[in-house]
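The block underneath contains the structure these notes are about, expressed in structure tokens.
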Amino acid sequence: MGPGPSNIYPEVAMALQRPLLGHLDPDFLEILDQTCERLRTVFGTDSAATLPLSGTGSAGMEAAFVNFVGPGDAVVVGVNGLFGERMCDVAGRCGAEVVRVEAEWGQPLDIDRVLSAHPAPKLVAAVHAETSTGVRNDIAGLAAGKGEALLLADCVTSLGGIEVRLDEWGVDIAYAGTQKCLGVPPGLAPFTASPRAMERRVEHPQSWYLDLGMLAAYTGPTSGPAARRYHHTAPVTMIMALHAGLGAVLDEGLEVAIDRHRKCGAALQEGLTKLGFELFAADGHRLPELTTVTWPEHLLPAGLDEAGVRRRLLHEYGIEIGGGVGEWAGRMWRIGCMGHTARPRNVTMLLGALADILGR
């Protein structure tokens, strides 16, 4: 999902070609330690329980719930898109009492409604950057009013693309994906939990593989009483790729990378509006890294539906954009401009290709 070339950073492609190390090789364990430290920087946290989970962002979501939610726990979930819906599903499978607080797709969550939905929830959860709608939710506002509850944030599409300051905001648990703004292939879920959260985790979660108590021991220090203990065979190549992607972002400068996403998103949204598209996400809550649009019926060329336009973009220009999901399938586009792809030349390429196809 995104205009122009792959969003994978060149440094990542080089890392994927490095000679393979063993998963217990001291050189690999050093790379793993550096990767965890780099994740702390991009998450804006000092928490020791920060690591790349083996699995995509959905594994991060599952780990977030199975480690902190048990049968009967009250969990408030803000739902204004597909991934809020998935949070409810996962929390329900943990036996939680799920309290849904919904907002219309394309609109941000009402923070006051979320915070007042239950008098004493164990956990409040929301998606920071809703991938299905292009909406940014106010995670800092939720953190400010969470009270005794733990706050969980889905940062899959936000990490590395917009501001994420977990410790400063007071977020307790967060997970992300690698394939969005970090410019790394899918396969890992960057994850972090605060000391406050770790004190309240489920002692024996339903998942052995995602048990943070065991995983924390695997990513722990190399010596001493709390020394690293083997848990599972780590995906060495993917962790080396993440190490390289995080290095590319931090070498550029995290704030510089975020500003690059902001400028490209603004240019893309302005250009799409001039072509006649209508921005879907609410003004003031639009993501720069993921733009959602709809269109008037007369905008598409005769004989071409929206899927036909996307096929022409892919086959004639090498540009792939995503369609809508749920009830917005066939009625919305989701255009990613993230990671290495967030460059002015790619915005220009997409807008020019669309203008050519639409005859404008």
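When Rg and Dmax of the Cα atoms in Å is computed from the coordinates, the matching label among (1) 19.6, 62; (2) 19.6, 57; (3) 20.6, 70 is (3). With the simple model of a label 7 Å out from the Cα in the direction of the Cβ, LEU300 to ASP25 spans 5.0 nm. On a 0 to 90° scale, report how tilted helix 26-43 is relative to the longest principal axis of the chain, with both axes built from alpha carbons and the result rounded to the nearest 10. Orientation of helix 26-43: about 60 degrees from the principal axis. Annotation for segment 228-287: trypsin sites (Lys or Arg not before Pro) lying in DSSP loop with at most 12 further Cβ atoms inside 10 Å of their Cβ are ARG229.
Taking the mean number of other Cβ atoms within 10 Å as a proxy for protection, how do you rank 144-152, 81-89, 119-127 from highest to lowest?
The packing order, highest mean first, is 119-127, 81-89, 144-152.
Across segment 147-156, rounded Karplus estimates of 3J(HN,Hα) from the backbone phi angles (6.51 cos²θ - 1.76 cosθ + 1.60, θ = phi - 60°) give x, 7, 5, 7, 10, 10, 10, 7, 10, 4 Hz, Gly and Pro being marked x.
Per-residue extension of 0.36 nm, minus the Cα-Cα distance of MET214 and ASP283, leaves a gain of 20.5 nm for this segment.
Protection proxy ranking of 29-37, 264-272, by the mean of other Cβ atoms within 10 Å over each peptide's residues and highest first, is 264-272, 29-37. Taking label points 7 Å from Cα along the Cα-to-Cβ direction, GLU104 and GLN34 give a separation of 5.0 nm. A simple spin-label model places the labels of SER207 and GLU97 2.5 nm from each other, with each point 7 Å out along Cα-to-Cβ. If you plug the beta carbon distance of LEU314 and MET14 into 1/(1 + (r/R0)^6) with R0 = 25 Å, you get a FRET efficiency near 0.40.
Can you tell me the mean projection area, over all orientations, of the convex hull of segment 240-338's alpha carbons? Units nm², please. Show your work: numbers first, answer last.
Working: hull surface 32.8 nm².
Projected over every direction and averaged, the Cα hull of segment 240-338 covers 8.2 nm².
Is any residue of segment 45-79 close enough, with backbone N under 20 Å, to a label point placed 7 angstrom from the Cα of ALA120 along the Cα-Cβ axis, and if so, which? Under 20 Å, as judged by backbone N against the label point of ALA120, lie 68-77 of segment 45-79. Computed from Cα positions, the angle between helix 254-275 and the longest principal axis of the chain comes to roughly 30 degrees. Nothing charged except the Cβ atoms of Lys and Arg (+1) and of Asp and Glu (-1): what's the magnitude of the dipole of segment 254-358 about its Cα centre? Round to the nearest 20 debye. Its charge dipole is roughly 280 debye.
By how many nm would the segment from ARG360 to LYS263 grow when fully extended, if each residue of separation counts as 0.36 nm and the alpha-carbon distance is taken off? Walk me through the intermediate numbers first.
Working: separation 97, 0.36 × 97 = 34.92 nm, distance 2.40 nm.
Answer, rounded to one decimal: 32.5 nm.
Counting only DSSP beta bridges whose two residues both lie in the chain, roughly 55 percent are antiparallel. Working from Cα pairs under 8 Å separated by at least six residues, relative contact order for the chain is 24 percent.
When each of the peptides 247-253, 55-61 is scored by how many other beta carbons lie within 10 Å of its residues on average, the order from highest to lowest is 55-61, 247-253.
Values in this text are rule-based calculations from the coordinates and carry no lab data. Given the structure is predicted, the values throughout are model-derived calculations rather than measurements. Here Cβ is always computed from backbone atoms with ideal geometry, including for glycine, and neighbour counts include all displayed protein chains.
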